[in-house]
1. Return a yes/no flag: does the range 93-110 have any residue that is assigned to a strand (DSSP E or B), under 23 Å from ALA310 (Cα atoms) and of a type in the set (A, V, I, L, M).
2. Does the range 67-86 hold any residues that are near the ligand (Cβ under 10 Å from one of its atoms) and open to solvent by 10 Å² or more (accessible area, probe 1.4 Å), and which are they?
3. In the range 249-293, which residues are assigned to a helix (DSSP H, G or I), within 15 Å of ALA201 (Cα to Cα) and open to solvent by 30 Å² or more (accessible area, probe 1.4 Å)?
4. Given the conditions (1) near the ligand (Cβ under 9 Å from one of its atoms); (2) among the hydrophobic types (A, V, I, L, M, F, W, C); (3) touching a Pro at 6+ places or on another chain (Cβ under 9 Å); (4) modelled with pLDDT of 95 or more, which single one is not true for LEU89?
5. Would you be able to tell me the number of residues in the range 92-130 that are away from the ligand (no atom under 12 Å from the Cβ) and more than 17 Å from PRO57 (Cα to Cα)?
6. Only one of these conditions is not met by PRO55: (1) over 23 Å from ILE187 (Cα atoms); (2) away from the ligand (no atom under 16 Å from the Cβ). Which number is it?
7. Within the range 189-207, work out how many residues are surrounded by fewer than 22 Cβ atoms within 10 Å (Cβ to Cβ) and part of a strand (DSSP E or B).
8. For the range 168-188, what are the residues that are touching a strand residue (DSSP E or B) at 6+ places or on another chain (Cβ under 9 Å), open to solvent by 30 Å² or more (accessible area, probe 1.4 Å) and more than 17 Å from SER216 (Cα to Cα)?
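The values are calculated or read from the model by the stated rules, or taken from the named source; none is laboratory data. Model, not experiment: these values are computed from the prediction. Cβ placement follows ideal geometry from the backbone for every residue including glycine, while neighbour counts extend to all protein chains displayed. For accessibility, only protein heavy atoms count, side chains too; no ligands or nucleic acids. Shrake-Rupley method; radii C 1.70, N 1.55, O 1.52, S 1.80 Å.
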Amino acid sequence: MSTERLDAFMARANAAYYATHDPFADFTTAPEITQVFGEVLGLWAAVTWQMLGSPSPVMLIEAGPGRGTLMADALRAISRAMPAFRAALSVHLIETSPRLRAVQARAVPDAVWHDDLASVPAGPMVLLANEFFDALPIRQFVKQAAGWTERFVGAAGFEEHPCDEPLPADAPEGAIQERCEPALGFIRALASRFAAAPGAALFLDYGPEHSGFGDSLQALAGGKPADPLDAPGTADLTAHVDFAALAAAARAEGAAVHGPVPQGLFLAALGLFQRANRLAMHLPPAQAAAVMDAARRLGEPNRMGRLFKALAISSTGCPALPGLEA
Ligand code: SAH
């Protein structure tokens, strides 16, 4: 194997992984834990659409839709709560894995698929993405006594190569700075679309609120932590999402930024627990307990409620979005 920059390695490894594996055998995600997650995000999209002035037609887009569960649950809730939004919207899914596209087609038959944002038509939109950015390739820079280096992957493992990127000079030796260029590019492209037509995008992912130094590259294979460099394509590689960097990129392009707030507070404000309760009321005791526990798993700070964050960006002039009020 030739030497590759870390982001090229991660892109290649994940493309191979998502093309050949059922990622949900290795990890689970919020929409797979409870239907209530997709339902409240559908209601968020509906209220946000109204705040954007109820543009019609409008695109409801999901980036990295996995099994299509979130979108199917969202559409069901939208049909009930806001039929006018359901009537105005067309569904677009941004997905690179042919394998997952086939799974998504069963859950959301009337969707239009795209490889990336570039082929999504211009126009008003509401976009949702759960655990999308964490799968996108990162670069890593390492501070040495002599200055910053960049991490590559060679036959013998990590290699540090000289680099001349503008990075903070006062970082301590050994500090690692990560950068997810595809995520920054995605945010900038959305922000410029939101200047031309009403739009908003919601991202839920795991990562700290403030940028800092540290190595967050992780690999999961068969549900267990693995060495990220072992057998590329057999493990899911992820990194923490740098919400502060994404918010700054959106602001620099003129978009409004809402949040980030911890996922637990966001979902509680949207009524996650009330909806779970209402669902549980009609179920036998064991199933009712499972529904309530699933909601708590997403919301409680010591489970997914604090490490995961919600961040939205929108056209300027849009009022504070649901669950993300300062
Ligand atoms: N949102 C889903 C799935 C998360 S897994 C859930 O919460 O269950 C990440 C998803 O992003 C998968 O669908 C994967 O195939 C997709 N993906 C990964 N890299 C991508 C890329 N560069 N462009 C589009 N989709 C991508």
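1. Taking every residue of the range 93-110 in turn, at least one turns out to be assigned to a strand (DSSP E or B), under 23 Å from ALA310 (Cα atoms) and of a type in the set (A, V, I, L, M).
2. Passing the criteria: ARG67, THR69.
3. ARG251
4. For LEU89, the exception is condition (1).
5. Number satisfying all stated conditions: 4.
6. Status for PRO55: all satisfied but (1).
7. Adding up the residues that qualify gives 1.
8. PRO168, ALA169, PRO172, GLU173
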